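The values are calculated or read from the model by the stated rules, or taken from the named source; none is laboratory data. Everything numeric here is computed off the predicted structure, so don't read it as measured data. Here the Cβ positions follow ideal geometry from the backbone for every residue, glycine too, while neighbour counts run over all protein chains shown.
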Amino acid sequence: MSVKDVIAPFAVWKRVFEKPYTTAKPLDDRPGAPRYRGFHTNDIEKCIGCGTCEEICQNNAIDLVPVEGRSSKHGDSGLRPAVDYGRCCWCALCVDICPTGSLGMSNEYVWVDNDPEVFRFVPGAEAKAWDKSDLGYARDEQYRLLEPKRVEMPMLPPEESEKSFLEMVQGYSKEQAEKEADRCLACGICVATCPAHMNVPAYIEAIREDNVDEGLRITYEANPLPASCGRVCSHACEYSCAMKNDGEAVSIRWLKRYIADQIYLKDYDKVLDSPDELNGRHIAVIGAGPGGLAAAYYLRMMGYSVTVYDGNDKAGGMLRYGIPEYRLPYEQIDKDIEYIRSLGVTIHQETQVGRDVEFEKLYKDYDAVFFSTGLPKPYAMNVEGENHARVLSGVKVLDEVTKGEDPGFGRSVAVIGGGNVAMDAARTARRLGCEVAIYYRRREEDMPADVEEIEEAKAERVDLITQAIPVRVEDAPNGQVTLVWGKARMVDKGPGRRPEPVLIEDELSSVTVDSIVSAIGQDADYSFLPASVLDRVRIERGKVVIDRFGRTGDPKVFAGGDIANSKRDAISAIANGHEAAKGIDWMLNPEAPTTPHQNV
Amino acid sequence: MYEVDTVVEPDIIDPAKLASGEERIDLDSEKFVKLWQGPNHPGVTGNMSLELILNGDTVVGCKTHVGYLHRGFEKLMERRRWIQNFPLVCRICVPEPDFNEYLYAAAVEELAGIEIPPRAKWLRTLTLEMARLASFLMWMGGQAGSFGMGTIGQWTVTHRDYVLDLFEELSGGRIYHMYIIPGGVRADLPAGYAERVEEVLEKVERLLAEIELILFNNAVFKGRAQGLGIIPREIIEEYGITGPNARAAGVARDIRKDQPYLVYDQLEFSVVTGEVSDAYNRARVRWQEMIQSVDLIRQILKKMPPEGDIHTMLPSVLHWKIPAGQTYLRAECTRGEYGYFVAADGTGYPRRVCVRGPSYTHAVALLEKLAVGTNISDIAGLMVSLHTYPPEVER
């Protein structure tokens, strides 16, 4: 020890006039750093209430709650996250994982109140001073917790697919399916969107768990045609998928297909539940399309004896006769149908009600009748000359190709329409070696066909001519036909309505082709219904009016499918069939409907 | 005013008699007083207590008690998904959270077979060195304060706040940074960050120079710290002593050198050692390590790749399962070896996480030994000189 040791400590005095680093609250204000993880903000319009924040929160600080003035809609649960600041640890994992990017954190960190209840609040729904703050924590661009890209589906290349009726979509391998299933947030937003309300998160989880048997059981709870739907479903689910907000939707449809593809038909009965014992009641189903087959399956599961009457030589309806083989191979439809048949459902083929058997007989012989006869009559284009022999119907050519007949396209085809039937007809013609052009009266983005179908058609060198209105059809030499069409301009019809195409009179063009295929939609045919039933069944704008359970005005008659719903797709028909099965059961056992079967 | 009839002179016991068994601790003999220091006492470094037996001013027996701050982190982690634990682990050790973040993330990455981008490694090393600096600054205030020099504590805690400002700017949090996440780090450096780091480093360097003058050349500090709590060289191995406590005794043991992790093999530094591990020399070693950290931070900012990825895409964190396996990873924190044992059983949750902090050794077993023979007024200084954090003892 030295003198220095005694004197040196007095050096502390030199800092005596230094300004302290303490903030004199509330006189001074010290804002948080630009990245500070302060109080939550939520862009309430952008938020879809998927609940991923709630799921990831390790403190259970987040709870999805209803918010006044907000209801659920497709792709939005209507709920919004409430944060409990008694539990929150400000880790911002909720912000990092938010698939819409709506959740954020401001850099505000002082909030004084004498009511402890206020610290449990719904960011965005309750106005706060920091709502508009630009500063605060946001996920760094270079880091993300969710994979935005879906696993690419192996496809036949267009140069091969345009020549072949082989199935284009090759299906996922186990690794690919598990990787894709991994992307699912399991938020369940899609369940509400699916017309059949399939339990999508559960069957995707079954894939992740490598338990396709469980996946198939879950699938059959709401959809007895998974092999077909897994290929051609209109997949409304994918349009509402939460992942779509920050990348691509989960390939829900392909995952369902993956499940069905992993299990042989002969093993289905080992995996799926057996139907109930026959209860002595008999139900007639008219039409063996997806609606009729679904109704038949669920009725049979509940113990009813079901007989299906179908006018075609094979069951499947539009799945078989309306969708080309390259999208839905026939053996896949057969797989779904054979399983339903194996449960004891009788299907009478080539037995058209009204032609081969009278409706009255079914009405008398059976306890209930369900009809889903679809839309067999093509709409007329209402243009001059459309009855020309070279003007073919879209559904008819698809039907003929399925039956192995020559639709007589010739070498060049003009397809009119923008729906899936138009795409299918055009691509089928392409595979038969034709030069094909599609004429559609609105813009490409207005096309009702699936985006994939439009893209694939273009890749297969189908010409797409939009804003083209057919004006008249003229006879042309050498057995050809001329389509005269005019350019349309789009007229705005106000918010919420599609713009209307209006013909520009002086801009007419014409094209001479071997055949014109009209695929602008179809209409129902009610000629099989006797007047006594028609009196009670209400028909509005060509559609049977049904309630939630498929009930028509006649207590014994139920309906569903394209004939009754405006979505006109397989999954909606399946949903109708399922609901009608419940309705029939309810009608026949009003006091005690069949014990809710686990598969119904 | 009152009068004291008699002044009882304490009956001072020769420690040799206690050691030989000739005298034993009998509280009824009126030669001994039992005194609790803690759990609420400014002289213990956190929520633990010392049950001291005094003879006069001298501690003749010490029993440490923990259990006041057991939060059950290890069990909590078994109920949380792999990703959900990263905001949890930092809370295990309040003054030095980053080592928990790093070790948990690194263990998870090892078990899951994830390689993190090079820039993320540099950023992790940067935060770990900043964390060492912040932790030492906090400790320095405690060490000076425990010997009655509160001014130094005010300075060092202010300087710690400058470092926390840097953390706040980088990660969005001052104490719990939650910056190191499995896969990498959560954000890149903000624009102009290196300059602001440099400003703080210069302030810290000035402070360290002043501390040299007013603490290490302070008659009071020298008088009280020199020779206090000498850790004999031979018990270093026996007790498993690590960090500056061991290095001050001349044991060149530093995981950053012995088993380099992150980018420590690309940095130039040498292990700081002393000769005798008493409170003074331990403080000296830590002071030198602060200078070393300042230098390492400068090296990191200079050598770091200017750009690059900061995070490796993980499998979906909601369903992330890690194959069965186990690992033990360690890192050199300010107090010594910090280790994480993590076991996975193929599910989405850790099967077992065990945190091995240096404080358990230093604050429980070692302190009981060193306290005996120490003056009661130096117990606080002794405990701080071992640099222990009870939160990390108990988890």
Open item on the list: Is it the case, given these coordinates, that B:ILE25 is of a type in the set (Val, Ile, Thr) and farther than 20 Å from B:TYR360 by Cα?
Closed with: yes
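Quick grid of which residues meet (1) of a type in the set (Lys, Arg); (2) under 30 Å from B:ALA16 (Cα atoms); (3) assigned to a loop (DSSP other than H, G, I, E, B):
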residue	(1), (2), (3)
B:LYS63	yes, yes, no
B:GLY67	no, no, yes
B:GLU74	no, no, no
B:PHE86	no, no, no
B:GLU101	no, no, no
B:GLU110	no, no, no
B:ILE116	no, no, yes
TODO: Give the residues of the stretch A:331-347 that are surrounded by fewer than 19 Cβ atoms within 10 Å (Cβ to Cβ) and either touching a residue at least 60 places away in the same chain (Cβ under 8 Å) or of a type in the set (Gly, Ala, Ser) (or both), sorted by residue number.
DONE: A:GLU338, A:SER342, A:LEU343, A:GLY344
Open item on the list: Taking the condition of being out of contact with any Lys or Arg (no Cβ under 7 Å at 6 or more places or on another chain), among the acidic types (Asp, Glu) and under 30 Å from A:GLY583 (Cα atoms), how many residues in the stretch A:493-548 meet it?
Closed with: 3
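Residue-wise test of (1) at pLDDT 90 or above; (2) under 25 Å from B:LEU366 (Cα atoms); (3) surrounded by fewer than 22 Cβ atoms within 10 Å (Cβ to Cβ); (4) touching a Phe, Trp or Tyr at 6+ places or on another chain (Cβ under 7 Å).
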| site | (1), (2), (3), (4) |
| --- | --- |
| B:TYR68 | no, yes, yes, no |
| B:GLU74 | yes, yes, yes, no |
| B:MET77 | yes, no, no, no |
| B:ARG80 | yes, no, yes, yes |
| B:ILE83 | yes, no, no, yes |
| B:VAL89 | yes, no, no, yes |
| B:CYS93 | no, yes, no, yes |
| B:ASN100 | yes, yes, no, no |
| B:TYR104 | yes, no, no, yes |
- [ ] Could you tell me which of the residues A:GLU350, A:GLU445, A:GLU360, A:GLU455 is without any contact (Cβ under 8 Å) to a residue 60 or more places away in the chain and assigned by TED's automatic domain parsing to the domain that holds A:TYR304?
- [x] A:GLU350
- [ ] Exactly one condition in (1) under 24 Å from A:ASP424 (Cα atoms); (2) loosely packed, with under 11 Cβ neighbours inside 10 Å is not met by A:TRP485; state its number.
- [x] (2)
Open item on the list: Looking at (1) part of a helix (DSSP H, G or I); (2) in contact with a Leu (Cβ under 8 Å, 6 or more places away or on another chain), which one does B:GLN288 not meet, given that it meets all the others?
Closed with: (2)
Open item on the list: Kindly evaluate A:ARG80 against the criterion of being within 8 Å of chain B (Cβ to nearest Cβ) and either closer than 30 Å to A:LEU185 by Cβ or assigned to a loop (DSSP other than H, G, I, E, B) (or both).
Closed with: no
Open item on the list: Looking only at the stretch B:183-199, filter to residues that are in contact (Cβ under 8 Å) with a residue 40 or more places away in the chain and more than 10 Å from chain A (Cβ to nearest Cβ); which one of those is surrounded by the fewest Cβ atoms within 10 Å (Cβ to Cβ)?
Closed with: B:GLU198
TODO: Evaluate the stretch A:109-127: report whether one residue or more is within 18 Å of B:GLY173 (Cα to Cα) and either in contact with a Gly (Cβ under 8 Å, 6 or more places away or on another chain) or of a type in the set (D, E, K, R) (or both).
DONE: yes
Task: Unmet requirement for B:GLY56, which otherwise passes all of (1) on the phi < 0 side of the Ramachandran plot; (2) in contact (Cβ under 8 Å) with a residue 24 or more places away in the chain; (3) more than 14 Å from chain A (Cβ to nearest Cβ) - done: (1)
Open item on the list: Looking at A:ALA192, A:ALA227 in this structure, which one is buried (at least 23 other Cβ atoms within 10 Å of the Cβ), in a helix (DSSP H, G or I) and touching a residue at least 24 places away in the same chain (Cβ under 8 Å)?
Closed with: A:ALA227
Open item on the list: Looking only at the stretch A:233-262, count every residue that is assigned to a helix (DSSP H, G or I), touching a Leu at 6+ places or on another chain (Cβ under 9 Å) and surrounded by fewer than 19 Cβ atoms within 10 Å (Cβ to Cβ) and tell me the total.
Closed with: 2
Open item on the list: Looking only at the stretch A:16-40, count every residue that is more than 7 Å from chain B (Cβ to nearest Cβ), more than 58 Å from the chain's Cα centre (by Cα) and of a type outside the set (Val, Ile, Thr) and tell me the total.
Closed with: 5
- [ ] Would you check which residues across the stretch B:172-202 are in a helix (DSSP H, G or I) and either of a type in the set (A, V, I, L, M, F, W, C) or in contact with a helix residue (DSSP H, G or I) (Cβ under 6 Å, 6 or more places away or on another chain) (or both) and list them?
- [x] B:ALA194, B:VAL197, B:VAL200, B:LEU201
Task: Selection from the stretch B:316-349 of residues that are in contact with a Lys or Arg (Cβ under 8 Å, 6 or more places away or on another chain) and within 14 Å of chain A (Cβ to nearest Cβ) - done: B:SER316, B:VAL317, B:LEU318, B:HIS319, B:TRP320, B:GLY346, B:THR347, B:GLY348, B:TYR349
TODO: Could you check, for the stretch B:323-330, whether at least one of its residues is buried (at least 21 other Cβ atoms within 10 Å of the Cβ), farther than 20 Å from B:TYR264 by Cα and either in contact (Cβ under 8 Å) with a residue 12 or more places away in the chain or of a type in the set (Ser, Thr, Tyr) (or both)?
DONE: no
